[in-house]
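In what follows, a structure is listed as structure tokens, so that the remarks can point back to it.
The values are calculated or read from the model by the stated rules, or taken from the named source; none is laboratory data. All of these numbers come straight from a predicted model, not from anything done at the bench. Every residue, glycine among them, receives a Cβ derived from its backbone with ideal geometry; neighbour counts consider all protein chains shown. With ligands, DNA and RNA removed, areas are computed over all heavy atoms of the protein, side chains included. Shrake-Rupley method; radii C 1.70, N 1.55, O 1.52, S 1.80 Å.
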Amino acid sequence: MTNLRPGPVRCASALLAVLLLLPVAAAGQTAYEVPRTAAGHPDLQGIWGNNSITPLERPDSLGDRETLTEEELAQVEETANRLFGQDAGDAAFGDQFFNVALTNPDAFTSSDGGTGNYNQFWLVERDFNDRTSLIVDPPNGKLPPTTSAARMAAATAAAGRGRPAAWTVDRGLSERCITFGLPNLLAGYNSYYHILQTADHVVIEQELIHTTRIIPLDGRPHVDGDIRQWHGDSRGYWDGDTLVVETRNFSAQSDFRGSREHLHLVERFTRVGPDEMHYQFTVNDPTTWTEPWTALVPWTRTDEPLFEYACHEGNIGMEGILAGARADDAKAAGAR
């Protein structure tokens, strides 16, 4: 079983600056002074969590509105506490949390009716804010249209879902305990990151499947284009007080929302308060989307430790999946 963080829904609203990477001082207040390492760079070290309720895309019902009203946010919190409070009902993962709470239903049941699901007790508490989408560009808060080739690939993949797996390669990368993809947007589910720094490197360890990225900051070039990796090849540099990381050379087997070896990712990490980081990233893949798009994700610092992500305790779940598929094959053959 995967290690998850129990905790009730947090009832705390936070107003976030959506379009600015640097904090702006209000009247009578002093601008936040970023702490620095011995090398003079902004100190980003520590454990940071992505537990925001904000969905990646803006729900259609909100039109072009970038924020909720105070009354709407209060209603979302009230509904979330009723549906997803500790011990209450099935678990709502990722964007589902906000989208369900926004509609204010009388009850909620997860879509995983075949094998059951986690209940909310096993998921981390979520951070409330009034934003309506993580996407800040395009301004409509929506993903750009996909290309015809990407749509055809998605249709082919969808047609294969639900079929018995012939072998491990027929199952997804996360089921195989390889990766949840980069960037990972699954808020509230092992969604913590441990950042370490030296003068010429940054290390980002992700709790989910314990992915660790070692990112040089010394100006060295990217590796040759024929060297491909699950999480690409990353190089970083400082742009003022913002750490910028450019990643290319993803594997053809990588998969970020359908984008594979042509993915070009630029991430920006900016500390905007003692316990708040703005994680902004821009995705560019002309073979998947008709234009680049950008999202801004609020990260919150925690003093809790990073948990081990055992991932099926040796991935014994995969053995069960394949054994079950062979049993189904034998049953079907017997019926014929």
Taking Rh as the Kirkwood radius computed over alpha-carbon pairs of segment 182-312 and applying Stokes-Einstein at 10 °C with viscosity 1.306 mPa s, one gets a diffusion coefficient in µm² s⁻¹ of 101 µm²/s
Regression test value, accessible area per residue of the chain, probe 1.4 Å, units Å², expected 50 Å²
Note: Asp241 to Met152 extended length (0.36 nm per residue) minus current alpha-carbon separation gives 27.9 nm
Cα-only Rg/Rh for segment 153-228 with Kirkwood Rh rounds to 1.09
With a 1.4 angstrom probe the carbon and sulfur portion of accessible area for the chain, in percent, totals 52 percent
Counting only residues 5 or more apart in sequence or on a different chain, those whose built amide H sits under 5 Å from that of Val272 are Met277, His278
Using a 1.4 Å probe on heavy atoms of the protein chains only, the accessible area for Arg176 in Å², nearest 10, reads 50 Å²
Rounded to the nearest whole number, the per residue volume of the convex hull around the C-alpha atoms of the chain in Å³ is 164 Å³
Here, Ala252 and Trp230, labelled 7 Å along Cα→Cβ, have an inter-label distance in nm of 1.9 nm
Within segment 118-134, the residues whose backbone N lies under 19 Å from a label point placed 7 Å from the Cα of Phe307 along the Cα-to-Cβ direction are 118-127
For His201, the residues 5 or more places away or on another chain with a placed amide H closer than 5 Å to its own amide H are Leu217
Along segment 147-158, Karplus-curve 3J(HN,Hα) (6.51, -1.76, 1.60; θ = phi - 60°) to the nearest Hz, with x for Gly and Pro, reads 6, 4, 5, 5, 5, 5, 5, 5, 5, 5, 5, 5
Each label sits 7 Å from Cα toward the beta-carbon; between Lys142 and Gln45 the label points are separated, in nm, by 4.6 nm
Note: Glu319 to His194 extended length (0.36 nm per residue) minus current alpha-carbon separation gives 41.9 nm
For segment 243-288, the dipole about the Cα centre with charges only on Cβ (Lys and Arg +1, Asp and Glu -1), to the nearest 20 debye, works out at 80 debye
